[in-house]
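Asker: What follows is a single structure, and I will ask about it in a moment.
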Amino acid sequence: MGITTLRAAAIDDNNAAPPPPKRRHYPRAKMRNSILLNTFLILGSLFMLIPFIWMILTSVKSPAELAQFPPTFLPQEWLWSNYADALKAAPFDLYFRNSLIISIGHTAITLALGSMAGYALARVYFRGREVVFLAFVAMLMIPTYTKIVPQFLIVKFMPLFGGNDIFGQGGIGWLNSWWALIIPGGLSAAAIFLFRQFYLSLPGELEEAARLDGLGEFRIFAQIYTPLIKPAIATVGLLTFQESWNNFLWPLLVTTSNDLRVIQVGLAVFQQLDNTLWAYLMAGTTMATVPMVLLFIFAQKYFIQGFTNAGIK
């Protein structure tokens with residue numbers, strides 16, 4: 001009788017429901033670190049937004065209010081007419097068009113040639129490939145403004161353009177033309193580097209299967225690998241468009257015609273020697289910033305993925 005009772009008890013124990021899982025109690029230190037990190041990020045975000053908020057609020061203030069001391073934060077009177085007056089002060093529609101053409105041109109050239117160069121450095125085996133890649137890496141270390149003078153001389157002495165002879169003498173070359181605005185900024189070493197990193201992160205089995213199917217090198221590049229690197233395309237495209245849109249010094253150096261002015265150079269019309277029209281300048285700067293903000297909003301998903309995955313290999 002005792003054995004039977006023990007067996008029944010054992011069966012009941014085996015059929016019993018398992019105990020509920022224990023709740024995980026996170027350490028207080030980990031929770032405290034999480035709170036501190038989130039607080040730091042929120043404060044950092046606010047500090048980054050302050051200049052943009054100040055720019056927008058300044059753009060709708062009156063000149064008299066801007067001259068007050070101490071300065072006011074919120075406008076006493078919201079003058080949205082400053083935006084219309086800023087558009088009338090200079091042909092900003094022309095400046096917007098020029099900036100858009102140049103930015104789209106730079107982005108298209110960079111995506112086309114940069115992706116090809118990145119694919120070649122990542123997937124095409126040729127003698128000296130590593131040396132070429134190290135040369136591109138070395139180009140990343142050269143400051144941008146140290147290249148201004150050599151680029152200007154190349155543009156000015158471009159043979160057979162702008163009245164120049166075959167030796168680049170006698171004329172102005174590409175100066176004051178669309179060639180000078182689009183070609184020199186059409187490709188960058190940073191874009192090639194990012195494309196190479198993305199092509200390296202893709203599996204080599206895709207290339208082997210494509211070659212077995214009889215695909216050539218260009219079709220493997222265009223139809224197999226490139227459609228898989230949308231984050232890289234979005235990242236490089238956004239960075240190139242942003243750099244081109246905000247470029248000020250190079251368009252100022254190579255153009256003198258008002259028909260070729262870009263939006264960043266056009267904003268200088270509000271900066272005078274004896275007086276700066278801050279309300280109009282901030283209104284124009286706000287309008288110049290809006291396209292980049294909208295572009296980032298629509299491309300932020302791929303943009304973040306691009307920077308996250310750029311260093312996989």
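The values are calculated or read from the model by the stated rules, or taken from the named source; none is laboratory data. On a predicted model such as this, the values are computed, not experimentally measured, just so you know. Because the Cβ atoms are built from the backbone with ideal geometry, glycine has one as well, and the counts that use them run over all protein chains shown.
Asker: Could you tell me which of the residues F195, F218 is among the hydrophobic types (A, V, I, L, M, F, W, C), loosely packed, with under 13 Cβ neighbours inside 10 Å and part of a helix (DSSP H, G or I)?
Answerer: F218
Asker: Within region 269-290, identify whether any single residue is in contact with a Phe, Trp or Tyr (Cβ under 6 Å, 6 or more places away or on another chain) and either β-branched (V, I, T) or modelled with pLDDT of 90 or more (or both), and answer yes or no.
Answerer: Checked against the condition, which is being in contact with a Phe, Trp or Tyr (Cβ under 6 Å, 6 or more places away or on another chain) and either β-branched (V, I, T) or modelled with pLDDT of 90 or more (or both), region 269-290 yields no hits at all.
Asker: Do we have A108 as at pLDDT 85 or above and either in contact with a Gly (Cβ under 8 Å, 6 or more places away or on another chain) or not aromatic (F, W, Y) (or both) here?
Answerer: yes
Asker: Here's another thing I want to ask about it. Only one of these is closer than 30 Å to L100 by Cα, among the small types (G, A, S) and touching a residue at least 12 places away in the same chain (Cβ under 8 Å): G185, G171. Name it.
Answerer: Matching residue, one of G185, G171: G185.
Asker: Condition test on G173, is it surrounded by 14 or more Cβ atoms within 10 Å (Cβ to Cβ) and either within 23 Å of the chain's Cα centre (by Cα) or farther than 20 Å from L249 by Cα (or both)?
Answerer: Here the answer is no, as G173 does not meet what is asked.
Asker: Within region 131-138, does at least one residue satisfy the condition of being surrounded by fewer than 19 Cβ atoms within 10 Å (Cβ to Cβ), assigned to a helix (DSSP H, G or I), over 27 Å from the mean Cα position of the chain (by Cα) and at pLDDT 90 or above?
Answerer: yes
Asker: Further question on the same structure: If you scan region 243-285, which residues turn out to be outside any helix (DSSP H, G or I), farther than 11 Å from S99 by Cα and in contact with a helix residue (DSSP H, G or I) (Cβ under 8 Å, 6 or more places away or on another chain)?
Answerer: Hits for region 243-285 are T255, Q271, T276, L277.
Asker: Which is surrounded by 14 or more Cβ atoms within 10 Å (Cβ to Cβ), without any contact (Cβ under 8 Å) to a residue 24 or more places away in the chain and either out of contact with any Asp or Glu (no Cβ under 9 Å at 6 or more places or on another chain) or in a helix (DSSP H, G or I) (or both), of G118, G105, G162?
Answerer: G162
Asker: Separate question: Looking at S34, is it farther than 26 Å from M282 by Cβ, among the hydroxyl-bearing types (S, T, Y), modelled with pLDDT of 80 or more and assigned to a helix (DSSP H, G or I)?
Answerer: Yes; evaluated as a whole, the condition is true for this residue.
Asker: If you don't mind, another one. What is the number of the single condition among (1) over 30 Å from the mean Cα position of the chain (by Cα); (2) touching a residue at least 24 places away in the same chain (Cβ under 8 Å) that N82 does not meet?
Answerer: (1)
Asker: Determine the pairs where a residue that is among the basic types (K, R), located within region 253-270, has a partner that is surrounded by 19 or more Cβ atoms within 10 Å (Cβ to Cβ) with Cβ atoms under 8 Å apart, the partner being 6 or more residues away or on another chain.
Answerer: R261/Y95; R261/N98; R261/P251; R261/T255
Asker: Among the residues in region 221-240, are any touching a residue at least 12 places away in the same chain (Cβ under 8 Å), touching a His at 6+ places or on another chain (Cβ under 7 Å) and within 22 Å of A112 (Cα to Cα)?
Answerer: yes
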